[in-house]
Each structure stands twice: as structure tokens, then as C-alpha cells.
Amino acid sequence: MAASLARKLAVGAAVAVGAVVVLAVALVLLLDSGVATKRAVDLVLPKVSGALGRDVSLKGAELKLFPNPRVKLAGVSVAGRPGEPALVDLEALDVEVGLWPLLRSLGKEVDVRAFTLVRPTVNLVRAKDGTWNYEGLGAQGAAAQQAPPPPAPPAQEGSATAVAVRAVRIEKAAIRMIDRTLGKDDQGLALSDLDLEATGVGPGLPFDARIAAAIAGVKQNLHAQLSVARLPSGVPQAPQDWPHVQGQVRLGALALDRLRSLFPAELGAIVRGGTVGLDLRLTTADPRAYKLEGTGELENVRLRGQAASGRFRFAAGWSPAKPDAAKIDLLDLALRGPGVDLGGNASIEMPPVRAWFVLTGPLLDLDAVMGILPESPEQAKAAAPPPEGELVPEATRRQIQSATARGTIAIGTLKGGRLEAKDVKARAVLSRGTLTLEQMDATVFGGKVSGAGTSVSLAQKEPSWKLAANLSGLDLAETTKAFAGQAPLLGRLDGRLDVAGSGTDWNAIKPILTGLASLAVKDGTLTTTDLGDQVLGGVAKALEATGRGGAAEKVAGAQGGKTSFRNLAGKFVVKDGFLGTQSPFKFATEAGEATLGGRIGLGGELDLTGGVAVPKATLAKAVSGVPLPPTLEVPLGLGGSLGSPKVAVRAGEAARALLEGQVQEGKKAARQEAEKAGKRALEGLFDRFKK
């Protein structure tokens with residue numbers, strides 16, 4: 001996307017410089033006497049203003065015949081949009097003309113030997129809505145909506161002016177880019193000290209131009225040369241009529257931090273330093289096609305983290321036979337440094353934009369490359385983008401909407417924060433603004449994760465996304481430590497996640513995350529409490545409170561300990577920052593089978609209620625001297641967090657049930673004893689009758 005903005009910048013600069021040249025030629029055509037100023041103001045400027053759609057002003061014009069005939073235009077300016085600086089400011093335009101043609105034709109034939117633009121300044125302004133100030137130049141501009149200027153007086157016969165330009169010079173030009181998308185004037189990119197000298201500026205002439213300029217610096221670091229075998233008199237109508245062109249561009253040590261305004265807001269905010277250099281060659285092939293090839297070097301590139309360096313090959317092609325089509329290739333891309341060792345290729349065709357890419361390498365550590373943890377509070381404050389900044393600007397989102405892309409990723413180790421993924425293999429497709437993972441497999445937290453079907457909508461102001469992931473054998477200790485900073489759970493996790501959200505900030509995502517989750521743990525351990533000890537101790541303590549303390553062998557539950565559980569499985573609804581159970585889930589513990597329902601927070605918060613069915617054999621470890629049922633239901637609640645759970649055992653209810661069961665057992669025993677006594681009495685009575 002930065003390449004697209006760079007093309008816009010080049011187009012804007014070309015349009016602005018072209019406007020100056022058109023203005024200069026138009027003025028020269030009509031300046032044939034000492035009344036140059038009046039003629040320029042009354043006749044030329046309204047026409048040029050109407051053509052550009054902007055007000056054009058001129059401070060003065062002067063024609064000198066000796067010692068060298070020349071026309072000097074002072075203070076030329078092309079207005080910008082309301083509230084913005086001028087699109088073009090020109091200190092002076094000095095036009096050298098041939099004396100004899102001028103005198104012979106009484107000023108009607110102008111042989112321009114050379115003209116020089118002295119200290120022109122072009123201001124390219126991107127407004128807050130992402131539009132550029134050169135957009136709309138021409139009939140669609142604001143000035144075109146004004147009343148048309150008065151018609152020019154008809155030219156007399158033989159008054160046509162002929163012009164032939166032999167050379168053009170530009171001295172100490174400057175091009176500034178002012179970016180207001182972040183709510184302020186950010187002059188991140190500037191071209192200054194631009195010198196241009198061109199010869200053969202005329203139809204049928206061999207054209208040659210040399211350019212030197214300073215981009216985002218004080219020294220000239222851009223040097224270019226362009227040669228055209230023969231300038232055409234107009235736009236060629238057939239591909240074979242296009243001229244042979246050759247040239248070379250060398251760009252050395254361009255500071256990336258001065259290009260921030262070309263990047264999306266959040267990416268621009270983390271660019272810390274580094275340089276890029278280019279060495280490009282322009283050639284012409286038959287059948288007519290133009291090729292731009294070369295190499296690039298990246299040195300000490302820092303994205304708020306540690307520096308890395310790299311290289312790439314560049315190739316682009318365009319043919320007049322297919323004027324709307326173009327192709328750009330980035331080949332043999334390599335980037336190496338602390339935390340990064342990657343290579344790849346990319347290819348782009350247009351229109352519409354279609355891209356293919358391959359990214360491979362053994363390592364990408366986002367902590368080292370991106371500097372996820374700021375180096376200091378001051379740097380964090382400076383690095384944070386303003387609230388108005390967008391991850392993907394509106395103009396870029398429109399381009400993404402119509403673009404398609406397909407590519408593969410293979411990275412040995414991918415790190416970010418507490419997350420580390422190995423053997424990452426992915427296949428991605430971008431279509432209609434949505435990036436979809438057709439394949440994504442990785443080893444994460446000692447298990448396997450497959451994310452096929454995961455998608456991100458990049459065409460929205462705040463990207464929305466859907467996560468579709470299968471989990472297999474994830475280490476619960478590593479997983480919980482990564483997200484909660486501690487490891488209260490042990491075991492292996494399997495499951496399926498289908499959730500959706502928007503944004504990139506986890507704290508903002510949690511409360512709006514929605515979806516479904518199915519999770520299962522075969523053999524796990526909660527290391528922060530002994531649920532069985534809490535349950536049995538609570539029952540024993542409740543018995544003591546009822547005056548049956550002699551029946552309790554364990555008086556109170558111990559603090560801490562751990563709980564082993566088996567075959568935990570549940571289905572959850574993700575909503576409001578919690579995993580809500582669709583139905584109570586069950587799991588086996590040392591105290592008995594637990595059944596719990598409620599919510600588990602995405603940050604580890606617990607809000608569960610249910611109970612434990614304690615079997616008779618386990619209950620006998622805490623209670624003696626009273627009849628025991630086959631199982632005793634002990635209600636409980638589980639609050640706090642996984643790291644610090646709070647177990648609320650409603651042991652009083654269980655103790656009452658146990659004692660009520662004892663009474664019932666006593667009544668049953670009494671009935672049985674009475675029945676036995678009656679039976680013995682009847683048997684004795686029958687024995688007497690027999691006698």
C-alpha cells in the first residue's frame with residue numbers, strides 16, 4: 001500500500017510541475033510586447049485558472065531585449081484548496097528567447113532557447129479524509145464551477161505565435177508533502193534542492209534530462225537520468241509509435257522514519273529508523289514495452305524494536321499495447337537481524353490489483369522486531385498513535401475492497417508476547433476486502449492448532465474477524481500462564497473455538513467477543529485448591545456445629561492443596577467476556593463426581609455453582625459413627641479466579657441431609673426390629689397351639 005501512495009505522490013508532483021510548465025508556455029505564447037503584465041493578467045491567467053480549476057496569480061512580467069532577450073515572470077502561484085497552502089509557488093520563471101525571430105515577426109514568433117524555473121515549491125497536501133490537493137485539477141475543479149471568464153479578443157490575421165523550446169532548467173525546487181490525516185500538519189516527506197536540466201524539449205528532438213534532489217534529507221541522494229530517442233509531437237496512437245526510452249535512478253540512504261506519512265497510521269507510529277536504497281534501470285524492448293529493473297537495500301530498519309537489514313530485487317513492466325495493465329515483482333526478498341530471519345517473493349498485477357506472495361524463514365520474533373513492549377514510558381507515549389489514526393486508512397480500504405491476493409507462509413518459529421508457535425504453515429486468500437486462512441497449522445503450547453476458516457475483514461474502519469480453531473493436546477499450564485500470567489491448571493486441552501470480534505486491543509475485544517467453544521480435559525489438575533478437602537472438611541465441620549462432632553474425624557478443610565480431575569468436558573457460549581455453560585458440565589475428582597454450571601471469565605474469573613456427589617467410601621474418611629448413604633450430594637459455589645479460587649461449600653445442607661438420613665435409618669431399623677419381634681412372638685404362639 002505504501003507503493004500505491006508513493007505512486008500518488010509521484011503523480012501529484014508530475015501534475016504540479018506540469019501545471020507550471022503549461023502555465024509558462026501559455027504566458028510565453030502571449031507575451032509579445034511591453035504590456036506583458038496586463039496581457040498575462042487580463043487574458044492568460046483567467047484561461048489557465050479555468051483550465052486548472054484553481055486561481056492562478058502573477059505578481060509581474062517583464063520583457064527585456066538586451067543583452068539577451070528574455071521574459072521574466074515573477075511570483076507565479078497556483079492556489080490550493082481553502083485553508084491549505086498554495087499548490088505551487090514559483091519565485092520566478094526566466095525564459096530566454098531568440099532575438100532575431102522575435103524582431104522579424106514583431107513578437108509573434110518566439111524561439112525559446114531555454115527557460116528556468118527559479119525556486120519552485122510544490123505543496124502536496126493530504127486532507128483528513130485522505131484526499132490529495134491535486135485531485136480535481138481541471139474542469140472538475142472548484143474554479144470550473146465559477147462564471148466563465150470574458151472571451152478573449154479575436155486574434156488578428158498572422159498573429160499566431162510559434163514556440164520551440166530547446167532547454168529547460170529547474171533550480172533549487174522543493175516538493176513538500178503535508179499529511180493531515182492524523183489531525184495535524186505532518187511534513188514527513190520532503191524533496192528539496194532539486195536541480196533539473198533537460199535538452200531537446202521539442203517534437204522530433206532527442207530528449208535528455210538529468211535530475212538530482214534531496215529526499216527527506218539535506219544532501220542530494222536522488223540521481224536520475226532519462227533519454228528519449230525522439231520526443232513525439234503528441235500521444236502516440238499505436239504501440240510501435242512510442243519512443244525508445246532508457247534511464248537510470250539511484251536513491252541512496254532514504255530515511256524510513258521520514259516516510260511515516262505514507263504508512264497507515266499505526267504502522268507509521270512504530271517506525272523508528274533505518275534507510276532504504278534503490279538502484280533501478282529503465283529500458284525499452286520490442287514489441288514496444290518498458291521495463292524497470294534493479295535492486296534495493298534495507299539497512300538498520302527498526303520498527304520500535306531491534307534493527308534488521310535486508311535486500312530485494314525489483315522488476316516492473318508496462319506496455320502501451322495494454323495501457324491499463326502493469327506488473328510489479330519483488331524477488332529474493334531477505335530480512336535478517338535480531339528476532340527475524342525471513343525471505344520471500346511477491347508479485348502484483350493491475351488492474352484490478354491481483355497479488356501473489358510467498359513468505360518463508362526460520363524465525364519471526366514480533367517482540368524483537370515490533371518492540372511490542374515499549375522501551376520506556378516516554379517512548380510508549382511518543383509511539384502511541386493519536387485517536388484519529390486508523391490501522392488501514394479509508395483510501396487504502398477502498399483499494400483492498402477491489403483487490404485479490406493469494407499466498408503461503410511457512411515460518412519455523414513465530415513469537416509474540418507470551419505466545420510461541422512452531423512449524424507455522426498457512427495459506428491465505430484476500431477477496432472483497434476479507435483475508436481468509438484456507439489453511440493454518442501450528443504447534444502451540446505443546447499441542448496442535450488448526451485455524452482453517454479464520455477470517456479478517458480489512459475493508460472496515462475497525463477490522464472485524466472470525467476465529468475458527470481446532471485445539472489438540474495443548475498444555476494447560478503453558479496456555480493459562482500465557483494469558484493469565486500464572487499456571488493454576490495442569491493437563492492437556494482439546495476443543496473447538498468459533499468466536500467473532502473486532503479490533504486489535506484484547507482488553508477492548510473481551511467484552512464484545514461472541515461465539516461458541518467446546519473444551520475437554522482428560523487428566524487435569526487445579527493447583528490452587530483441594531476441592532475434595534474443602535468438601536469433606538466442610539461436612540465434618542457442619543456435623544460438629546450440630547453437636548455431632550464425635551462423628552467427624554476431619555474438622556476443617558485445609559487451605560491450598562490441589563484438585564485432580566478427569567474427563568472434564570463442556571460446551572460454552574462466549575458472551576460479555578465470559579464462557580457461559582450451555583448445560584452443567586461434569587468431571588471426576590477425588591471427592592466424587594462434580595457437576596458445575598455458570599460462567600468462567602476470559603480473564604480466569606469464576607462464577608460457578610453446583611455440587612459434588614461424594615460416594616460412601618470417600619465420605620467414611622471424614623465421618624464415622626453414623627449411617628452413611630451410598631452418595632451424599634454436597635452443594636457448593638466456586639468464585640474468585642483460577643489463580644485464587646473461593647470455594648463456598650454449603651455443608652450445612654449436606655449435614656442435615658446426612659442426619660435426616662440417620663433418623664430415617666433409625667426408624668427403618670426400629671421397624672425392622674419390631675417386625676422381627678412380632679415374627680418371633682407369632683412363631684412362639686404357633687408352637688403353643690401345636691402342643
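Just so it is clear, none of the values below were taken in a lab; they were calculated from the coordinates. No experiment lies behind these values; they were computed from the predicted model shown. Glycine also receives a Cβ, built like all others from the backbone with ideal geometry; neighbour counts cover every protein chain displayed.
Straightening the chain between residue 646 and residue 84 buys 196.0 nm, computed as 0.36 nm per residue apart minus the Cα-Cα spacing.
Shape analysis of region 418-478 yields a ratio of the Cα radius of gyration to the Kirkwood radius, Rg/Rh, of 1.05. Please list, ordered by chain and number, the residues whose modelled amide H lies under 5 Å from the amide H of residue 244; skip anything fewer than 5 residues away on the same chain. Amide H neighbours of residue 244, under 5 Å, 5+ apart: 229, 230. Divided by 2.2 N^0.38 Å, where N counts the residues, the Cα radius of gyration of region 570-648 comes to 1.27. Straightening the chain between residue 197 and residue 514 buys 107.8 nm, computed as 0.36 nm per residue apart minus the Cα-Cα spacing. Pairs exceeding a 30 Å alpha-carbon distance, out of 621/646; 291/415; 448/562; 510/586; 72/291: 291/415; 72/291. If R0 equals 51 Å, the separation of the Cβ atoms of residue 233 and residue 595 corresponds to a calculated FRET efficiency of about 0.05.
P(r) tail, region 196-239: Cα-Cα pairs separated by more than 15 Å, 54% of all pairs.
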